[in-house]
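One structure is given below, encoded as structure tokens.
The values are calculated or read from the model by the stated rules, or taken from the named source; none is laboratory data. Since the model is a prediction, treat every value here as computed from it, not as a measurement. Note that each Cβ is placed from the backbone with ideal geometry, even for glycine, and that neighbours are counted across all protein chains shown.
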Amino acid sequence: MNTNLKISNIIKIYPGCIANDNVSLEFESGKIYALLGENGAGKSTLVKILSGVIIPDQGKIFLNKNILKLNSPLDAKKNDIGMVFQHFNLFETLSVFENLIIDSDETKENLREKIELIMKKYNFLINLDVPVLNLSAGQKQKVEIIRCLIRNPKVLIMDEPTSVLTEQETSELFLSLKKFSEEGILIIYITHKLKEVIRLCDEVAVMRKGKLVSVSEIKNENIESLANKMVGQNLKTIKKKKAKTSTDQLIKITNLNFISEDPFETNLNNINFSVNRGECLGIAGISGNGQSELFQILSGEIISNKNSIEFNKNYIGDLNPQERREYLMAFSPEDRLEQAAIPQMKIFENVALNNFKSSNFFKNGLINENKIKEHAKKIISDFNVNTDNIELKSQFLSGGNLQKLIIGRELITSPDLLICFNPTWGLDVGAINYIHETLIKINEQDKSIILISTDTDELLKLSDKISVIHKGKLSKIMNAEEVTSEKLGVLMGGGEID
Amino acid sequence: MLKKLLQKNLECLWEEEKLIKIVKRDQPSRAIFFLTPVLAIFLTLFAGGLIFYILGFKPFEALKFFFIVPIADMYGFSELLLKATPLCLIAIGLSFCFKSNNWNIGAEGQLTFGAIVSGGVALLFYNQEGFYILPIVIMAGAIGGMLYASIPAILKTYFNTNEILVSLMLVYVSKLILDYLVVGPWSNPEGFNFPETRQFSDSARLPILFEGLRIHAGIFLALAAVVASWFIFYKTYLGFQMKVSGFSLKTAKYAGYKGKKMIILVFLISGACAGLAGVGEITGPIGQLHREVSPDYGFTAIIVAFLGRLHPVGIIFASLIVAITYLGAETAQIFMQIPKYTGQVFQGMILFFLLASDYLLFFKIKFTGLKK
């Protein structure tokens with residue numbers, strides 16, 4: 001049973017950008033195809049077109065030489081195209097089995113038999129009768145995959161499937177995918193992670209700015225060549241200089257506990273660490289293991305016990321973020337659009353969100369607009385934000401520029417400590433490089449960083465010391481040189497290393 | 001780049017042979033932002049005329065009775081200001097809430113409760129005279145409105161309730177309290193069981209501005225509120241914090257603002273304004289408490305606030321325009337035997353057309369020629 005999927009001359013235009021510019025591709029079953037590109041390159045649009053979520057402005061799709069009309073996700077299902085999205089579409093409170101039968105017309109008994117057969121065949125170990133919220137991310141993904149497999153798909157599309165998985169879970173996923181491929185399912189794997197492409201796929205199609213840049217076989221490629229195709233420029237590789245060993249302790253967290261009333265938050269359990277001047281402490285972990293709570297406690301959005309945080313010989317656990325800024329701390333939260341900045345407000349207004357006493361942004365309760373604008377202009381030029389109009393609403397800045405603005409806003413006060421949470425999440429390679437360079441630079445100026453991130457490569461690149469957070473507990477703190485991504489993977493999954 | 005895109009868009013359009021195409025705007029248009037209220041008013045007039053025509057009236061004559069006759073003389077104009085005053089005052093208060101994403105739709109209840117509290121205080125002094133009485137009565141009204149508005153605010157901040165439901169339902173509670181008081185404990189002992197209280201003493205009444213007209217000093221309260229709100233919105237740290245809290249509570253927290261306090265504060269301001277409007281009614285034209293202290297000013301003010309685009313100056317114009325519908329409804333009832341509820345139909349249509357034409361903020365309609 002050979003499957004041939006062909007897309008020809010797909011065009012999709014959104015106001016302000018061409019998401020897919022005349023894209024033509026052909027896929028054959030028996031191989032695993034990678035669709036590679038930066039965020040915003042148009043991969044997701046193409047995939048959504050293939051799964052019927054978006055209707056293209058122009059172009060045709062053929063499955064086994066027959067033209068396909070995909071007007072809704074239902075059409076895709078009917079034509080045996082299965083899709084596993086980056087974010088899970090599962091009902092957390094329903095059981096695994098209930099989630100699986102929800103969109104099927106077959107009888108329950110038949111389905112259970114079928115599902116058990118599939119699980120046996122691919123060695124998936126999931127209890128069908130527990131609620132989905134008790135599953136790990138990897139298991140949830142397997143549920144999604146089973147949901148596709150029930151329908152005997154000819155094509156299986158995976159959209160950035162490893163972003164929430166540990167190293168071990170990723171390996172398992174890859175094994176399964178290879179098995180599916182051997183059985184004749186055509187697999188299209190969307191990602192921006194180069195290593196995975198090399199490890200898993202047979203052929204790779206690279207997209208950049210809506211256009212198809214190249215289609216080639218993996219054996220003719222390596223990480224550097226793919227990266228250059230993806231970014232369209234030769235990448236500078238930045239390397240952190242070995243930090244001077246400083247013994248001057250800047251911040252110390254002692255016996256920090258947090259118990260949340262919200263069942264969807266993670267409790268923190270006896271956190272202890274310290275960071276010296278000029279040092280970068282990386283905190284790794286799979287998202288949802290307490291990072292967000294830890295960040296909020298460090299920034300003062302959640303108030304904790306006064307003595308649990310000692311900063312520069314002051315106890316500051318009970319201060320709010322604004323008060324902590326006076327002690328020269330700065331914060332860059334994960335969510336750029338809903339927390340760190342307000343897209344509907346102008347750039348200079350967003351700058352005023354970091355209101356420290358000596359800024360004089362607000363005098364006697366009145367807004368000092370000139371002062372704020374002056375400050376905003378300085379940030380824009382110092383931190384390479386690609387605009388010269390501080391009156392622009394920040395929603396018109398790209399993710400990278402917005403992040404530069406935020407980091408700039410936080411750093412322009414030259415704080416002693418910057419706490420950042422996924423600072424390069426969703427950014428393109430150019431912006432990532434800029435942010436990384438900036439972070440390295442402030443370390444060199446003897447300022448400290450706490451970097452909470454789910455991106456292991458980033459952590460290994462920037463940190464001097466690394467710890468892993470799992471279910472609200474922090475692992476022991478390791479020197480970055482001793483750590484490998486495999487070791488981190490084990491700890492992130494809750495395992496132990498000697 | 002953009003030009004090329006547009007061209008591409010147009011090319012697609014040619015292929016589909018569409019005459020009209022709706023295209024998303026890249027950025028909401030500032031000019032349209034202030035033009036849509038005007039458009040909404042014209043559409044309302046047009047639709048109103050159409051309704052009159054269907055009912056068998058001459059549309060232009062009917063519209064004339066509705067919108068021009070009532071304000072053709074000095075008395076009519078003063079009545080317009082009289083009705084616009086509470087609308088403007090409440091809408092200014094509401095704009096504090098709406099700007100910061102708090103949906104207080106219970107201004108009618110806050111007005112009523114303000115009237116109850118200030119009326120109660122005025123009744124304490126019913127047989128006394130003195131310059132100090134009026135300020136106390138006014139303060140009491142503001143405090144009453146604030147107290148009543150603090151209920152949905154506190155429930156929202158500390159118990160995560162929905163302020164729309166709570167504030168709305170409290171309207172009916174306050175009206176029933178008023179009903180009980182004017183029929184029961186507070187009813188006028190010499191009032192032959194009419195559901196009303198004693199008349200307030202002259203010292204508890206807002207001064208009339210012109211002999212023979214009903215327009216009273218309450219209008220200055222409204223104008224003061226307009227100026228104060230403009231200043232707070234655009235010039236103060238408080239206004240900035242309100243704006244930030246309105247867009248995102250998470251951001252407000254991150255910036256170190258006291259987000260919950262902000263919500264309570266805007267509700268208090270809004271309640272105080274509604275309470276003052278209540279004071280204006282009972283110590284102005286009415287002079288006592290009875291069942292109907294407000295012809296739904298608190299609800300109509302929601303329309304005023306949005307028609308005025310939550311901008312202090314816009315709200316002044318909007319309150320005048322909406323006030324006409326109150327007067328026009330009465331004139332139309334007298335001269336054309338149309339029920340006075342037509343006024344509410346017009347208010348509804350204004351809001352309806354305003355919301356509909358807001359579509360133009362985000363989309364533009366492109367007309368293109370026929371192919372071949």
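Apart from one condition, residue B:66 fits all of (1) modelled with pLDDT of 90 or more; (2) crowded, with 20+ Cβ neighbours inside 10 Å; the exception is (1).
Residues that are within 13 Å of chain B (Cβ to nearest Cβ), surrounded by 15 or more Cβ atoms within 10 Å (Cβ to Cβ) and without any contact (Cβ under 8 Å) to a residue 60 or more places away in the chain do not occur anywhere in the stretch A:417-432.
Give the number of residues within the stretch A:298-338 that are in contact with a strand residue (DSSP E or B) (Cβ under 6 Å, 6 or more places away or on another chain), in a helix (DSSP H, G or I) and not hydroxyl-bearing (Ser, Thr, Tyr). Adding up the residues that qualify gives 3. In the stretch B:242-254, the residue that is nearest to residue A:340 (Cα to Cα) out of those that are facing chain A (nearest Cβ under 9 Å) and polar (S, T, N, Q) is B:251.
Results for (1) of a type in the set (Asp, Glu); (2) more than 14 Å from the chain's Cα centre (by Cα); (3) assigned to a loop (DSSP other than H, G, I, E, B), shown as yes or no for each residue.
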| site | (1), (2), (3) |
| --- | --- |
| B:328 | no, yes, no |
| B:340 | no, yes, yes |
| B:348 | no, no, no |
| B:364 | no, yes, no |
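Surrounded by 13 or more Cβ atoms within 10 Å (Cβ to Cβ) and at pLDDT 90 or above: which single residue out of B:52, B:33, B:46, B:42 fits that description?
Every option except B:46 fails the conditions.
Considering B:259, B:287, B:278, the condition of being under 25 Å from residue B:162 (Cβ atoms), more than 13 Å from chain A (Cβ to nearest Cβ), in contact (Cβ under 8 Å) with a residue 12 or more places away in the chain and surrounded by 18 or more Cβ atoms within 10 Å (Cβ to Cβ) is satisfied by B:278 alone. Of all the residues that make up the stretch A:204-235, how many are assigned to a strand (DSSP E or B), touching an Asp or Glu at 6+ places or on another chain (Cβ under 8 Å) and surrounded by fewer than 21 Cβ atoms within 10 Å (Cβ to Cβ)? Matching residues across the stretch A:204-235 total 5.
Give me the helices (runs of 4 or more DSSP H) completely within the stretch B:92-204, filtered to those with at least 3 residues that are farther than 16 Å from residue B:278 by Cα, ordered by residue number.
B:133-159, B:163-183
Taken over the stretch A:438-474, the residue count meeting the criterion of being part of a helix (DSSP H, G or I) and either out of contact with any Leu (no Cβ under 9 Å at 6 or more places or on another chain) or under 18 Å from residue A:334 (Cα atoms) (or both) is 10. Residues in the stretch A:347-362 that are farther than 15 Å from residue A:323 by Cβ and either touching a residue at least 60 places away in the same chain (Cβ under 8 Å) or away from every other protein chain (no Cβ under 11 Å) (or both): A:347, A:348, A:351, A:360.
Residue by residue, here is whether (1) touching a residue at least 24 places away in the same chain (Cβ under 8 Å); (2) outside the structural domain of residue A:291 (by TED's automatic domain parsing) holds:
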site	(1), (2)
A:388	no, yes
A:402	yes, yes
A:434	yes, no
A:437	yes, no
A:447	yes, no
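Candidates in the stretch B:227-238 are the residues that are closer than 27 Å to residue B:280 by Cα and surrounded by fewer than 21 Cβ atoms within 10 Å (Cβ to Cβ); of these, the one that is farthest from the other protein chains (Cβ to nearest Cβ) is B:227.
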